[in-house]
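Novice: Input: one structure, supplied below.
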Amino acid sequence: MSRAQTGDGEAFRALTEPHRRELQVHCYRMLGSFQDAEDALQDTMLAAWRGLQRFDGRASLRTWLYRIATNRCLDALRSARRRPAKQWDIPGIEPPEPTRLGEIHWLEPYPDALLDGAISVPLGPEARYEQTESISLAFVTALQILPPRQLAVLILRDVLGFHANEVADMLDTTVESVKSALKRARAGMQRRLPVTTAREQPPASDSPAEDAIVAKFVSAYESADIDALVALLTDDVFMSMPPMPLEYQGLDSVARFFAFIFGSAQRSELVPTRANSQPAFGVYRHTPTGIHGSGLFVLTLTGDRISAITRFENTVLPIFGLPQSLPSAQ
């Protein structure tokens, strides 16, 4: 610490690197966007480097870094710098009428490859959520509806388990204010999150049960078999596609969308990956000029069915280490 406070960059990196991944996940939960989280993390590290001489050790270094990261994210939320919603951009082809238009068009997926060591850190005693649940797309989406201060308090208290007095210190407020914000945030999350008590739990990650569902989805999608695909979906299945605000709710609505996709007569290939602790796939379409990435699917599983599908643009493929094009068969 003394070396870092006198400007030793290597010493600073040795102090902060063990916390880097979990801070990135924290920024992602707050902002809902992988790129925005990266920017906030860089701002956090720069602020920590510049302010390290003022670190007095009253709190742990980890807590001090969370204070900086949280406030950098709050600044970003207040500035309202969000990716704009994108309209359907395939000329001459109109998708089916959506059920509604979504609000969280800036949502981006988070690669599981970057979760190693980030969601296995010891949590405070007051954490209420499993770490895999609190990185799921449904949870991160619900967080984005909360006002910024409530969002920060809920993550710090219920996800990370910091004490109320620690959170009050991080946010320069009172314990009473933290408790009030937490009560409102919990009510907001309860309204937004799907009711899970009556739902079957998803199969364990990389389990035979999960593998079986994934294999059926790949087979149905790559063969454009709409009946086989529909058989995998729950009655209340939900599909969204940020940054496009189109949302489809219910079996009939989602089936119409995939029938529209399959009707394009372009064959697709799926390349497996994982996002937000959920099965995911890079989607590649065969075109006259090659096999090009068209997007990324993330599946939400309930029991042995798919209850949600989130489709992202092909711009997210690089953060998963996926190419923009696949080699054509010779």
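The values are calculated or read from the model by the stated rules, or taken from the named source; none is laboratory data. Just so it is clear, the structure is predicted and the values come from calculations on it, not from any experiment. Glycine also receives a Cβ, built like all others from the backbone with ideal geometry; neighbour counts cover every protein chain displayed. Heads up: the accessible areas ignore ligands, DNA and RNA and are worked out on the full protein's heavy atoms, side chains in. Shrake-Rupley method; radii C 1.70, N 1.55, O 1.52, S 1.80 Å.
Novice: Which of the residues spanning the range 138-154 are open to solvent by less than 10 Å² (accessible area, probe 1.4 Å) and under 14 Å from the mean Cα position of the chain (by Cα)?
Specialist: F139, V140, A142, L143
Novice: Could you please find all residues in the range 105-137 being in contact with a strand residue (DSSP E or B) (Cβ under 7 Å, 6 or more places away or on another chain) and either surrounded by fewer than 19 Cβ atoms within 10 Å (Cβ to Cβ) or not in a helix (DSSP H, G or I) (or both)?
Specialist: Answer for the range 105-137, where residues must be in contact with a strand residue (DSSP E or B) (Cβ under 7 Å, 6 or more places away or on another chain) and either surrounded by fewer than 19 Cβ atoms within 10 Å (Cβ to Cβ) or not in a helix (DSSP H, G or I) (or both): H105, E108, P109, Y110, P111, S136.
Novice: When you scan the range 116-129, do you find a residue that is closer than 30 Å to E247 by Cβ and touching a Gly at 6+ places or on another chain (Cβ under 9 Å), even just one?
Specialist: Looking for residues that are closer than 30 Å to E247 by Cβ and touching a Gly at 6+ places or on another chain (Cβ under 9 Å), one finds at least one in the range 116-129, hence yes.
Novice: Against the conditions (1) open to solvent by 50 Å² or more (accessible area, probe 1.4 Å); (2) more than 21 Å from the chain's Cα centre (by Cα); (3) under 29 Å from L114 (Cβ atoms), where does R311 fall short? Just the number, please.
Specialist: If we test R311 against (1) open to solvent by 50 Å² or more (accessible area, probe 1.4 Å); (2) more than 21 Å from the chain's Cα centre (by Cα); (3) under 29 Å from L114 (Cβ atoms), just (2) comes out false.
Novice: Return the only residue of R50, R54, R29 being over 16 Å from D169 (Cα atoms), at pLDDT below 95 and out of contact with any Ser or Thr (no Cβ under 6 Å at 6 or more places or on another chain).
Specialist: R50
Novice: Among the residues that make up the range 299-307, is at least one of them under 21 Å from L193 (Cβ atoms), in contact (Cβ under 8 Å) with a residue 40 or more places away in the chain, surrounded by fewer than 20 Cβ atoms within 10 Å (Cβ to Cβ) and in contact with a helix residue (DSSP H, G or I) (Cβ under 8 Å, 6 or more places away or on another chain)?
Specialist: Checked against the condition, which is being under 21 Å from L193 (Cβ atoms), in contact (Cβ under 8 Å) with a residue 40 or more places away in the chain, surrounded by fewer than 20 Cβ atoms within 10 Å (Cβ to Cβ) and in contact with a helix residue (DSSP H, G or I) (Cβ under 8 Å, 6 or more places away or on another chain), the range 299-307 yields at least one hit.
Novice: Which condition breaks for D89 when tested against (1) of a type in the set (D, E, K, R); (2) part of a loop (DSSP other than H, G, I, E, B); (3) modelled with pLDDT of 85 or more; (4) surrounded by fewer than 17 Cβ atoms within 10 Å (Cβ to Cβ)?
Specialist: (3) is the only condition that D89 fails.
Novice: Then there's this: Quick one: which residue in S294, S264, S240, S253 is under 23 Å from Q87 (Cβ atoms) and assigned to a loop (DSSP other than H, G, I, E, B)?
Specialist: Exactly one of S294, S264, S240, S253 is under 23 Å from Q87 (Cβ atoms) and assigned to a loop (DSSP other than H, G, I, E, B), namely S264.
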